[in-house]
Amino acid sequence: MSGIMQRIALIFRSKANKALDAAEDPRETLDYSYTKQQELLQKVRRGVADVATSRKRVELQMQQLQQQSDKLHDQAQQALAAGREDLAREALTRRSGLAQQIADLQTQHANLQAEEEKLSGAAQRLTAKIEAFRTRKETLKATYTAAEAQTRINEAFSGISEEMGDVGMAIERAEDKTAQMQARAGAVDELITSGALNDPVSGGKDDITAELERMGATTQVESELAQMKAQLGSGPAAPGQIGQKSAEEEQA
């Protein structure tokens, strides 16, 4: 049972990874990484500013203590000049305590200064890395965008090629059918001309019979035309009519 559950979990993980890969845009991931690096750089810069502020505060304290030390030194001299050795000794004692405080502050100041320099160097190196990453990021984004556009163009060309293949097959089928119809029409014409097929217009007669009938019809038309001309006196009379007219003239 545990093996089946592990397989199911593996399938779900693989499906999830596939879905994430399909949904992930490398350009968004690069921009997100750049934003995070910028946030880290801001934190480092704030750290440098905080250390610098602490160092400056220590410097001010050192200046104040040094001023107090100088004042105590002057007071000791004045007291000694006035014959007050006890006051001079007290001023010098206080000055000695201030000297220890100043020494401690100097140590703290040196540590802060070293830390500030360290953080400043880290900020500079991080800035350089981020700038290099930004340049690389923009290059990768441009390359990805170009590749994406090229992929879409190739997919479009692939679709056009498939469509053209279908169109070519349709044209080929149409040409084949046209050639078949032309061949069939030519064969029917040849069969009709040769008399192998009956012509419905000529009533099922062959070509010789049809030609003789056309010749007879032409002769009859010419004869009727000659008679009509004779009756109208616009042409020579028929032979029978000419003989009848000569006999009538002789009797007269």
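Are there any pairs with C-beta distances below 8 angstrom linking a residue in the stretch 171-184 that is in contact (Cβ under 8 Å) with a residue 40 or more places away in the chain to a residue that is open to solvent by less than 100 Å² (accessible area, probe 1.4 Å) and of a type in the set (G, A, S), with the two at least 6 apart or on different chains, and if so which?
Sorted first by the residue in the stretch 171-184, then by its partner, the list stays empty.
Quick one: in the stretch 92-106, which of the residues that are touching a residue at least 40 places away in the same chain (Cβ under 8 Å) and either of a type outside the set (S, T, N, Q) or not in a helix (DSSP H, G or I) (or both) is farthest from R57 (Cα to Cα)?
Across the stretch 92-106, the extreme among qualifying residues is I102.
Determine, yes or no, whether E131 is open to solvent by 50 Å² or more (accessible area, probe 1.4 Å), part of a helix (DSSP H, G or I) and at pLDDT below 80.
Answer is no for this residue.
Testing G83 on (1) surrounded by 12 or more Cβ atoms within 10 Å (Cβ to Cβ); (2) not in a helix (DSSP H, G or I); (3) not basic (K, R), one condition comes back false. Which one is that?
Tallying (1) surrounded by 12 or more Cβ atoms within 10 Å (Cβ to Cβ); (2) not in a helix (DSSP H, G or I); (3) not basic (K, R), G83 fails exactly one: (1).
Is it the case, given these coordinates, that L126 is assigned to a helix (DSSP H, G or I), surrounded by 14 or more Cβ atoms within 10 Å (Cβ to Cβ), touching a residue at least 24 places away in the same chain (Cβ under 8 Å) and out of contact with any Lys or Arg (no Cβ under 7 Å at 6 or more places or on another chain)?
It is true that L126 is assigned to a helix (DSSP H, G or I), surrounded by 14 or more Cβ atoms within 10 Å (Cβ to Cβ), touching a residue at least 24 places away in the same chain (Cβ under 8 Å) and out of contact with any Lys or Arg (no Cβ under 7 Å at 6 or more places or on another chain).
The values are calculated or read from the model by the stated rules, or taken from the named source; none is laboratory data. The shown structure was predicted, so the numbers you read here are calculated from the model rather than taken from an experiment. Note that we place each Cβ from the backbone using ideal geometry, even for glycine, and neighbour counts take in every protein chain shown. Ligands, DNA and RNA are stripped out before the accessible areas are found, and what is left, the full protein with its side chains, is counted by its heavy atoms. Shrake-Rupley method; radii C 1.70, N 1.55, O 1.52, S 1.80 Å.
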